[in-house]
Amino acid sequence: MCFGGGMSTANRLLAVLGLFTLERPKWTVESAALELGMTVSTAYRYFKSLVDAGLLAADTPRFYTLGPAIIEYDRQMRLRDPLIATAAPVMQELAQNIGSGAVILLCRLYRHRVVCVHQETLATDNFYRRFDGSEPISYERGQPMPLHRGAPSKAILSHMKARQMRAIYDKESLAWAEAGLGTNWTEVKRALRLMRNAGMVVTYGEMTVGMQGISVPIMAGATGVIGSLSAVVAPDRLNRPVEAIGRTLAGGSRQIETALIAELESAGA
């Protein structure tokens, strides 16, 4: 990445922060400057601003990592985010209704990806492991996922506006074809329309081997789709037909939509 002359200071700061990933969680100022195409002195100013805000931390004289403010913001989101606050009690009820072996996921659109923001399950179940204990559920909270793979993502993708879909498709057409969505835009539109008309998306093993994903969208009036509500379960643990679980999830989604609108209207009063 190289900064253009028209990029604002805020965007430059965000670009520095965006360097810190699971694959590369530590950076020096010099390596960041080289990666972003800026001078070392400019990079030092941006690093200092982010450290002062608590968004980065200097744990050694040279290497920087994400800072404690990230955790503070995460706690605030878990406790006060309107979508999570309205969805959590509905999801707890769904976990009881669908039964042992199901993880209930709340996911939302994040740039051109989908991220899980909340999970619920029975207290006797493990959130992050398959129920035979062998491997983790892929939609772990905070884990970004592609829009073209997995029921939670496809439930969102199939309800996005056509121009949004097309902008993403033009950049990721090969990945969409490999995911079975179609080899051209006409085929992709047809596949997504079928998902949308079905009212739910059902996948098997797309994100976690041996697990079934059943997902419905969460809509927000004129804003359109903002997320998805899902159950992830091993097929041999299903206590009812997939279609029945889909209808149960759809009812939960409508509860969340109604409660979210009421919460936001109350906050704005």
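The values are calculated or read from the model by the stated rules, or taken from the named source; none is laboratory data. Just so it is clear, the structure is predicted and the values come from calculations on it, not from any experiment. Cβ coordinates were reconstructed from backbone atoms using ideal geometry, including for glycine residues, and neighbour counts include every protein chain displayed.
Side notes on the structure shown:
- For ALA250, the criteria (1) modelled with pLDDT under 95; (2) surrounded by fewer than 16 Cβ atoms within 10 Å (Cβ to Cβ); (3) hydrophobic (A, V, I, L, M, F, W, C); (4) in a helix (DSSP H, G or I) hold in every case but one, which is (1).
- The number of residues in segment 20-55 that are part of a loop (DSSP other than H, G, I, E, B), among the charged types (D, E, K, R) and either surrounded by 15 or more Cβ atoms within 10 Å (Cβ to Cβ) or touching a Ser or Thr at 6+ places or on another chain (Cβ under 6 Å) (or both) comes to 1.
- Of all residues in segment 56-72, those satisfying the criterion of being part of a helix (DSSP H, G or I) and surrounded by 14 or more Cβ atoms within 10 Å (Cβ to Cβ) are ALA69, ILE70.
- Strands (runs of 3 or more DSSP E) lying entirely in segment 85-181 (those with 3 or more residues that are at pLDDT 85 or above and closer than 21 Å to ARG240 by Cα): 102-110
- Among the residues of segment 196-213, just one is in contact with a Lys or Arg (Cβ under 6 Å, 6 or more places away or on another chain) and either part of a loop (DSSP other than H, G, I, E, B) or more than 17 Å from ALA102 (Cα to Cα) (or both), namely GLU206.
- Selection count, segment 148-171, where residues are touching a residue at least 60 places away in the same chain (Cβ under 8 Å) and surrounded by 13 or more Cβ atoms within 10 Å (Cβ to Cβ): 9
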